[in-house]
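Just so it is clear, none of the values below were taken in a lab; they were calculated from the coordinates. Treat the numbers as computed from the prediction; the structure is a model and nothing was measured. Note: ideal-geometry Cβ built from the backbone for every residue, glycine included; neighbour counts use all protein chains shown.
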Amino acid sequence: MVVRILLFVVLSLHFAQGQAVVWTLVQPGVWKGTIGKPEAYNLLTAAGATPNTAALTRLGAADFPLPKPAIVTQLIDGKTYLRFPLDRTEQLYGFGLNFQTVHQRGRILNLHMDHFGGSDNGRTHAPTPFYVSSKGYGVFINSARYLTVYAGSAARKDSPDASEAKDRNTDKTWTASPYSDAVEIVVPAAGVEFYVFGGPKPLDVVRRYNLFSGGGCLPPRWGLGFQQRVKSLNTSDQVQAEADEFEHKGFPLDVIGLEPGWQSKSYPGTLEWDKTRYPDPNGFLKVMQSKGIRTNLWINPYIAPSASIYKAIRPLTASHTVWSGVVPDFTLPEARRIFFGQLAKDGIGPGVSGYKIDEVDGYDSWLWPDVATFPSGHSAEQMRQTYGLLVQRYSTDVYHAKNTRTYGLVRASNAGGSSFPYVIYNDYYKHEDFITALITSSFCGVLWTPEVRASQTSEEWLRRFQTVVFSPLAMINAWASGTKPWSFPDVSESVKAMALLRMQMMPYWYSEFAKYHFEGTPPFRAMSLEEGFLADVRTAVINENLNDNPYALAIRREVKDQYMAGENLLVAPLFAGQKSRLVTLPKGNWYDFYTGELVGNGQQITAAPGLDRIPVYVKDGGIVPMMPARLHAPKAGETVPIEVRYYGSKPGAYRLYDDDGETFNYERGQYSFREIQVTKNGQTGIRGSISAAEPGKPNTVGVVTFVQMTK
């Protein structure tokens, strides 16, 4: 080990060419490294991210997780080269929102904002330059440039642990991917700042990263209900009729989303109501509010010549257009004032509850080219990497000024955007890959929805619907298809049962999002972040669809079709055509969510729940607070009864979050976590308690009952 470190020291002296990394401890367990002259405009400045120092302090200090001499840098030809060490048993996660792979070691990625095109090559909706190691540390490159990453895929001749050359003709152990002992990153700038996050566990790393970005978002309660997006050219009367149909059929509905047809023109847009389809926008919004339903509007930020703000904003836009609409430079205060002022005047002020911000990701043939110029002087490349951050940041500011929370949809995000109340979606539609994206989102500080649009069969419809219920945003996007929850009559009652389950579980979901905000824990996350997962598991999952990495069995253990939902739940979706599936359980007893029965401990089991259920399991001592099924989320400050479901036999504890559900008053201390305790009482009973409400704090918790699920 001493020899290897000495070799790294020699390499660093040679490699840095007189440039030394300047290290600064910036938060507990977070170190900033600086090399060369970093660009002033980066991901964190675009996002306006402010670390949650108090929460990071509570998380505690950590040791620097890597040998500093092994982190080497090089400045050549106006570019910065970074090198971080890897050992043989190390796996890598992250590098943005990926759809087909959880494990990233051995991959080559170009982190480039784009629509996902069917291959995990780095071009994606959130090309976040942050990775997490299975060894319990993380690295973030704070650059708004297109980065090239060799994630343990490039082998150096001077490596202290170089691979042995082999003869392919005679040696069956020959591989096209020789062992690499480093992550190497190319930054097309003459300097950069980067951050190293300590653990000691991978989940601690993710928490630190999210808290460093300000903490995760805390949606309003209604944002965690059910959402339906209607056909693009619907009129106000048709939208109201659809809302009435939900009520009549007994399906929950908290948000209706209006697609491009609400605007007088779209692609490019005017951001103004079409008076033929919506003759009285303010009256329409009031009617929807009276029904207990919020309204979300589709937009993209490209302004049509016929828009009332066009003349004023045109000088503040890029050299190139998108669909012949001008592209505002949102780094300019005046451009923001004009654009978001229009949203406030015709939307947010009259009562629009959120936005779906489309087309800020890619394709290259749609968005501005890299030769475009912006009046701020920021490059087209930098704007491409950060435009999704900018629209999230400044639209959220409008709601914050109104002291009203929002929860919307966006097509692009990046590092520093964890606190923004937006969920990523796209037009790609492979169900299995949607679940992998839900898993990988937990490594890059974003939220992802496996939305339902259309299906070939009722089986597929129900299976897709089951997964949105166990996701950050439960939504049918029927802008083109016109589908509704009851579109497949033979499964409509099962769909309704799942939608009502989503509403019942709102106290659990709301508490888990509060932990995301205050503690940085992703509400939906990869199994590799769960304690005891794949630790001596019997019949471990082996997935051979990655590059062959013969040097470590752990590298090939990739589980990309099950995930943790909150503190206590393991979700293992079934897909169309499947009657059963394997589920890998972490160590400890796990219980069936629906029946409370013991299903296994640290092993693979076969789940065959039938069509009506998605496999969900609860850890021993797990508590799931629930409320009565209802069609709309509770109103601000409304009191609801709570049913505490308890599983297993270990003593259980859970922190139930409470605030008014709609405003930002929690930022001023108007919130509480109430401690729930459950223990076994003899052989057949349980004893449960909940801490008293704090005086002067919101209290929406009504009568509390305790249910023993495991008999």
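What number, rounded to the nearest 500 deg cm²/dmol, is the helix-based mean residue ellipticity at 222 nm of the chain, given -39500 (n - 2.57) per DSSP H run of at least four residues and division by all its residues?
Only helices count here, giving -6500 deg cm²/dmol.
Could you compute the net charge surrounding Thr521? Neighbours are other residues with a C-beta less than 13 Å from the C-beta of Thr521; K and R count +1, D and E count -1.
+1
Out of the GluC sites (Glu not before Pro) in the stretch 580-661, which ones are loop residues according to DSSP with at most 15 other C-beta atoms within 10 Å?
For GluC sites (Glu not before Pro) across the stretch 580-661 that sit outside H, G, I, E and B with at most 15 neighbouring Cβ atoms in 10 Å, the list reads Glu597, Glu638.
Along the charge dipole of the stretch 2-212, which of Ile141, Pro28, Ala155 sits closest to the positive end, that is, farthest toward it, with unit charges on the beta carbon of Lys, Arg, Asp and Glu (+1, +1, -1, -1)?
Pro28
Under a crude label model (7 Å from the Cα following the beta-carbon direction), how far is Ser376 from Ala454 in nanometres?
Inter-label distance under the simple model: 3.8 nm.
Tabulate in residue order the Karplus-calculated ³J(HN,Hα) for the stretch 456-469, using 6.51 cos²θ - 1.76 cosθ + 1.60 with θ = phi - 60°, rounded to whole Hz; enter x for Gly and Pro.
With the stated coefficients, the stretch 456-469 comes to 7, 9, 5, 4, 4, 4, 5, 4, 5, 5, 4, 6, 5, 4 Hz.
Quick one: work out the % antiparallel among DSSP beta bridges in the stretch 221-502, nearest 5.
20
Return the FRET efficiency for the residue pair Glu667, Lys430: r is the Cβ-Cβ distance, R0 is 35 Å, and the value is rounded to the nearest 0.05.
Step by step, r from the Cβ atoms, then E = 0.35.
Taking square-rooted eigenvalues a ≥ b ≥ c of the alpha carbon gyration tensor, is the chain rounded, prolate or oblate, where a/c under 1.5 means rounded and, failing that, a/b exceeding b/c means prolate?
oblate
What order do you get for Phe465, Phe443, Phe340 when you list them from fewest to most C-beta neighbours inside 10 Å?
Fewest-to-most Cβ neighbours within 10 Å comes out as Phe340, Phe465, Phe443.
Please order Arg221, Arg156, Arg687, Arg277 by the number of other Cβ within 10 Å, starting at the fewest.
By the 10 Å Cβ count, ascending: Arg687, Arg156, Arg277, Arg221.
Provide the percentage of antiparallel DSSP beta bridges, counting only those with both residues in the stretch 623-708; round to the nearest 5.
Taking every DSSP beta bridge with both residues in the stretch 623-708, the antiparallel ones total about 75 percent.
Along the stretch 69-85, what does the Karplus equation 6.51 cos²θ - 1.76 cosθ + 1.60 (θ = phi - 60°) give for ³J(HN,Hα), rounded to whole Hz, x for Gly and Pro?
Per residue, the Karplus-derived 3J(HN,Hα) values read x, 7, 8, 10, 9, 8, 10, 9, 6, x, 10, 10, 10, 10, 9, 10, x Hz.
Quick check: from the Cα gyration tensor, does the stretch 623-708 come out rounded (a/c under 1.5), prolate or oblate?
Verdict is prolate for the stretch 623-708.
Would you order Cys217, Cys444 from fewest to most other beta-carbon atoms within 10 Å of each residue's own beta-carbon?
Starting with the residue having the fewest Cβ neighbours, the order is Cys217, Cys444.
If you take every DSSP beta bridge fully contained in the chain, what fraction is antiparallel? Give it as a percent rounded to 5.
Of all bridge pairs located within the chain, approximately 70 percent are antiparallel.
Report relative contact order for the chain in percent, whole number only (criteria: Cα-Cα under 8 Å, sequence separation at least 6).
13
Count neighbours as other Cβ atoms within 10 Å of each site's Cβ, and list the chymotrypsin sites (Phe, Trp or Tyr not before Pro) in the stretch 126-212 that are DSSP loop with at most 16 such neighbours.
Trp174
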